[in-house]
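To start, the structure itself, in structure tokens.
The values are calculated or read from the model by the stated rules, or taken from the named source; none is laboratory data. Quick caveat: nothing in here was measured; it's all calculated off a predicted structure. Glycine gets a Cβ as well: all are built from the backbone with ideal geometry, and neighbour counts include every protein chain shown.
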Amino acid sequence: MAYRILIVEDDRGISDAMETCIKTWGMEPRAVRDFGNVLGEFSDFKPHLVLMDITLPFMGGYYWCQEIRKLSPVPIIFISSASENMNIIMAMNMGADDFIAKPFDQNVLIAKIQALLRRAYDYGNFAPVLEHKGVQLNTGNNTITYNGSHIELSKNEYRILLTLMQNKGKVVSREKLMEALWETDSFVDENTLTVNVGRLRKKLESAGVKNFIATKFGVGYILE
């Protein structure tokens, strides 16, 4: 498996150089292009590690670090020319795992990336985030995040949404959803599924998410 590295750096020359270097070490880099939607790109790419500049268009790196930390324990390395002690302390307090001052040696960058990846994933701490239309399903703690709201899901509600998220754009049969619920060791029949889908819809609507789960009558459900 190639580790995915998200690069949040608005200097195209620096981000392109980092992408090239990371690729040569067998990892899969992606540079953010929409700096107003860093969290969306993070959720879509599901990186194993983030390289984050401090000074960015729209919102700064500190802000995005805090937002990512609400969703994931993914390792974050700050890369900045603002290398005063106060910036390093701020970065760590915001949830960063390391700090590299510009200009930097690419060998040092790779060494730090590899060290953090070893620490994070040798112990199986990575919990990906699935995203659809701004709704983020946090697989590490069975919650939904939407527009800053956090919603706790029951075991059954989580299983239903996870299965739908994993098959977004496709109709998921009621039978397949019931199979997913059986994994929770609870008794499931047609009525149990209907009740749980109804509860899940109400929780989504309470956060302002309407018409998220569509019913295909006689077949199942779909995230369109």
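Here are the criteria: (1) in contact with a strand residue (DSSP E or B) (Cβ under 8 Å, 6 or more places away or on another chain); (2) in contact (Cβ under 8 Å) with a residue 24 or more places away in the chain. Tell me which single one Q106 does not satisfy.
Every condition holds for Q106 apart from (1).
Restricting attention to region 79-98, and to residues there that are modelled with pLDDT of 70 or more and of a type in the set (S, T, Y), which single residue is nearest to the chain's Cα centre (by Cα)?
This residue is S80.
Name the single residue that is modelled with the lowest pLDDT among those in region 110-138 being surrounded by 13 or more Cβ atoms within 10 Å (Cβ to Cβ), farther than 19 Å from F45 by Cβ and hydrophobic (A, V, I, L, M, F, W, C).
Among those that are surrounded by 13 or more Cβ atoms within 10 Å (Cβ to Cβ), farther than 19 Å from F45 by Cβ and hydrophobic (A, V, I, L, M, F, W, C), it is A115.
Based on what the data block shows, is M94 under 24 Å from G134 (Cα atoms), surrounded by fewer than 16 Cβ atoms within 10 Å (Cβ to Cβ) and hydrophobic (A, V, I, L, M, F, W, C)?
The answer is no for M94.
Here's the yes/no breakdown for (1) in the same structural domain as K46 (by TED's automatic domain parsing); (2) of a type in the set (F, W, Y); (3) not in a loop (DSSP other than H, G, I, E, B):
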| site | (1), (2), (3) |
| --- | --- |
| N141 | no, no, no |
| Y158 | no, yes, yes |
| T163 | no, no, yes |
| K168 | no, no, no |
| A180 | no, no, yes |
| T192 | no, no, yes |
| K202 | no, no, yes |
| E205 | no, no, yes |
| K210 | no, no, no |
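In region 1-25, what residues are surrounded by fewer than 15 Cβ atoms within 10 Å (Cβ to Cβ), in contact with a strand residue (DSSP E or B) (Cβ under 9 Å, 6 or more places away or on another chain) and not hydrophobic (A, V, I, L, M, F, W, C)?
Listed by number, the residues that qualify are R12, D16, T20, K23.
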